[in-house]
Amino acid sequence: MVPPSSTPPPNPQQIQQFLSSVLSQRGPSALPYSEDTKWLIRQQLVSLISNYPSLEPKTATFTHNDGRSVNLLQADGTIPMPFQGVTYNIPIIIWLMESYPRYAPAVYVNPTRDMIIKRPHPHVSPSGLVSIPYLHNWIYPSSNLVDLVLHLSSAFSRDPPLYSQRRPNPNPSPSPSPNPSINSSMTSTYGQHPPPPGPRVAATASAAGYPPSPYGRVQHPQHSQARPTSTDDAAEVYKRNAMNKLVEMVHGDIIGMRKAREVEMEGMFSAQAVLRRREEEINKGLKEMQDEKEGLEQQLQVVLMNADVLDSWIRDNEGKIKNLGKKNNNVDVDEAIHCVDVLSKQVLDSTAADLAIEDVVYSLDKAVQDGVVPFDQYLRNVRLLSREQFFHRATASKVKEAQMQAQVANMAARISHFVS
C-alpha cells in the first residue's frame, strides 16, 4: 500500500483571505454571484475545507454546453470513500454555479491519467457528472457542501465510480487483491465489480492539478510519482517551479497595489465629499449676498425718493420760514406748521385727540387712586372717553391707508421718472 501524501493541509487563514478577496471583487473580474449570497458561499466553503482539508477552493473557467465561459468558484481535491474496510480517496471537483446556493452545485468526478470512470454507473455519467438524490433535492438555505460530501462518500462507497487502468500482468494471481491496480479494464467490461482506486490516488490528487477533464476545465497535467515520464526532467521541474513562484509574486504585488489604490480612492472620495459640501456652502453664501444686494438697492431707491420729497418740501416752505423769522416775537404755534392737504390735517387732528384722551384717562387713574374722584364717576368718564378715542383711532387708520395708497402711486410715478 502506498503511504499517504505528506503535503501539509491548507492554511485556514489564507483560505479565508482568498475567499474574501475573490468574493469582494468588483467590475469585469467579479464573480457572478448575487451580493446577498456571497457571505453564505464563503461560510460554506470555509466549513467544507475545515471538515475536508483535502479539498481546496479555487477560481477557474467553466464552459457551458452552449459555449459560454464564466469564471466560477470550485472545490478541487479528494473525498474519502470507505470500501470493504479500506478508505480510498476519490478525486472530484465541486463547481459553484452562478445560481448557487439557491440551486445545487455541479459535481464532477475528476479521474487521473490512469483512472477510468465505471460504465455504466448509477450516479456518474461518462463525462464525470455526478447525480445523486441530495443534489436533486437541494433546498436553500439548509442544504450545504459538507452534507453534500457526506452523501457523495456514502453513494460512492456502495458503488465506486472509478477503477485503475494498468497494463496486464503477465503472471496474474488467481487470488483477489485489495490493491485496485491489479485489476484491468478488461475485467470490468464483463460485468465484474471494479475495485475502487487505491490510496495512491490520494498522493496524486493532493498535488497541484489533474489532467484535462472532458467538461472543459483547463489544468496542467500532473506527473505520476509511481511512473515518471520523459517530461519529468530537472529543467521542466525548475521551469514549472519558477513560473509558479513568478505567478505568486505577481499575484502578491497586484494585491498590494490594489489595497494601496483602494486607500487612495477612499481618501479621494472623502476629499470629494468635503469639496462638494464647501461648494454648497459657497453657493448658499453667494445667493444670500445677492439677495442682500437686491434688498440694499431697493432701500437705496426708497432713500433717494424720500430725499427728493424732502428737498421739494424744503423748497416749498423756505419762504414761510423766512417770514416766521421776521415775526418771531408773535409766533403762533398752531400757525407754525401747516398740513399739506386735508387728509394730513384730519390725521393730525385725530392723533392729537387720541393722545389728549390718553392723557385724560391717565389723570383719572391717578385721581381715583388718590380718592379725589368717586369710582362710579370714574367708570362713566372712562367709558365715554374710550368710545371717543376708538372713533378717533379708526378715523386716523382709514386716513393713513388712503395716504399710503396715494404715496405708492406717487412713488410709481417717480420710479418711471428715474428710469426714463
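In order along the stretch 53-58, phi translates into HN-Hα couplings of x, 6, 9, 10, x, 9 Hz, rounded to whole numbers, per the Karplus curve 6.51 cos²θ - 1.76 cosθ + 1.60 with θ = phi - 60° and x for Gly and Pro.
How many Å² of accessible area per residue for the stretch 342-418, probe 1.4 Å?
Values: 5670 Å² over 77 residues.
Dividing the accessible area of the stretch 342-418 by its residue count gives 74 Å².
Averaging Cα coordinates gives a centre for the stretch 131-152 and one for the stretch 348-417; these two points are 97 Å apart. Computed over protein heavy atoms with a 1.4 Å probe, the carbon and sulfur contribution to the accessible area of the stretch 255-326 reaches 60%. Computed from the Kirkwood radius of its Cα pairs, the Stokes-Einstein diffusion coefficient for the stretch 274-316 at 4 °C and 1.567 mPa s stands at 101 µm²/s.
Thinking of the stretch 342-418 as a set of Cα atoms, what percent of all their pairs are more than 18 Å apart? Don't skip to the answer; put the middle values down first.
Numbers: 1649 of 2926 pairs.
Roughly 56 percent, once rounded to a whole number.
Put 354, 376 in order of accessible area, highest first, and with a 1.4 Å probe you get 376, 354.
Which semi-axis lengths, in whole Å and largest first, follow from the square roots of five times the eigenvalues of the Cα gyration tensor of the stretch 12-163? Don't skip to the end; give the middle numbers.
Details: eigenvalues 138, 58, 43 Å².
Semi-axis lengths for the stretch 12-163 are 26, 17, 15 Å.
Jot down the per residue volume, in cubic angstrom and as a whole number, of the convex hull over the alpha-carbon atoms of the stretch 255-326.
Values: hull volume 5.5 nm³, N = 72.
Given the Cα convex hull of the stretch 255-326, per-residue volume reads 76 Å³.
Assuming 1.567 mPa s and 4 °C, estimate D for the stretch 52-104 with Stokes-Einstein, Rh taken as the Kirkwood radius over Cα pairs, in µm²/s. Working shown, then result.
Working: Rh = 12.7 Å.
In µm²/s, the coefficient rounds to 102.
Think of a 1.4 Å ball rolled over the protein heavy atoms: the stretch 12-163 then has 45 Å² of accessible area per residue.
The values are calculated or read from the model by the stated rules, or taken from the named source; none is laboratory data. The shown structure was predicted, so the numbers you read here are calculated from the model rather than taken from an experiment. Side chains included, ligands, DNA and RNA excluded: accessible areas come from the protein's heavy atoms. Shrake-Rupley method; radii C 1.70, N 1.55, O 1.52, S 1.80 Å.
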